[in-house]
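Each value in this text was obtained by applying a stated rule to the coordinates, not by laboratory testing. Quantities reported herein were computed from a predicted structural model and do not represent experimental measurements. A quick note on method: Cβ atoms are made from the backbone with ideal geometry, for glycine too, and the neighbour counts reach across all protein chains shown.
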Amino acid sequence: MIKYLSLKTEKRVTFTDITNQVSAIVSEYGIDEGICLVYSPHTTCGITINENADPDVRHDMIKELSHVVPFDDGYLHMEGNSAAHIKASLIGSSVTVPISQGTLLLGTWQGIYFCDFDGPRTRHITVQILS
Ligand code: ZN
């Protein structure tokens, strides 16, 4: 069972909360117990789980990642987006969430974020559900 989400990011670096879209796919399949894999096929994007209650957390994560991996730092990659590639690898390209009683077993304050480090672009996310 594979589904694809598309989204349009609007800035160079964005964290988009995709929890509701992923939950909708899980509901659509109607399975009780299983695993949900959320995967980014892009080399300059990542998927992560973190707090989605306070938007300042998202802001702080973007700020600190940009501090650790500055946009310009004498990189060799001629495309000019090495910082985005590095951040994508730091974040990772997928998350796996257990499904129980038909819903994602996320913690109260957890959300699933699609992280674009080289936007704005149209991006695709793969969601695979194993029952
Ligand atoms: Zn590149």
### Message
Looking at the range 42-69 only, could you name the residues that are part of a loop (DSSP other than H, G, I, E, B), out of contact with any helix residue (DSSP H, G or I) (no Cβ under 6 Å at 6 or more places or on another chain) and buried (at least 16 other Cβ atoms within 10 Å of the Cβ)?
### Response
42, 52
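With respect to residue 24, determine if the residue is under 21 Å from residue 123 (Cα atoms), without any contact (Cβ under 8 Å) to a residue 12 or more places away in the chain and surrounded by 11 or more Cβ atoms within 10 Å (Cβ to Cβ).
Values: under 21 Å from residue 123 (Cα atoms): yes; without any contact (Cβ under 8 Å) to a residue 12 or more places away in the chain: yes; surrounded by 11 or more Cβ atoms within 10 Å (Cβ to Cβ): yes.
Taking the combined requirement at face value, the residue satisfies it.
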### Query
residue 48 fails exactly one of the following numbered conditions: (1) within 15 Å of the ligand (Cβ to nearest atom); (2) under 16 Å from residue 125 (Cβ atoms); (3) β-branched (Val, Ile, Thr). What is the number of that condition?
(1)
### Summary
Only unsatisfied item for residue 72, checking (1) within 16 Å of the ligand (Cβ to nearest atom); (2) outside any helix (DSSP H, G or I); (3) surrounded by 12 or more Cβ atoms within 10 Å (Cβ to Cβ); (4) not small (Gly, Ala, Ser), is (3)
#### Entry: Pair list, Cβ < 7 Å and 6+ apart or interchain, from the range 59-82 residues that are within 16 Å of residue 115 (Cα to Cα) to residues that are among the polar types (S, T, N, Q) and within 16 Å of the ligand (Cβ to nearest atom)
81/44
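Taking the range 27-41, which residues are closer than 17 Å to residue 90 by Cα and surrounded by fewer than 18 Cβ atoms within 10 Å (Cβ to Cβ)?
In the first step, residues of the range 27-41 are kept if they are closer than 17 Å to residue 90 by Cα; the result is 38-41.
If the condition is that a residue be closer than 17 Å to residue 90 by Cα and surrounded by fewer than 18 Cβ atoms within 10 Å (Cβ to Cβ), then 39, 41 are the ones that fit.
Residues checked against (1) loosely packed, with under 14 Cβ neighbours inside 10 Å; (2) more than 15 Å from the chain's Cα centre (by Cα):
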| position | (1), (2) |
| --- | --- |
| 89 | yes, no |
| 96 | yes, no |
| 100 | yes, yes |
| 107 | yes, yes |
| 110 | no, no |
| 115 | no, no |
| 123 | no, no |
| 129 | no, yes |
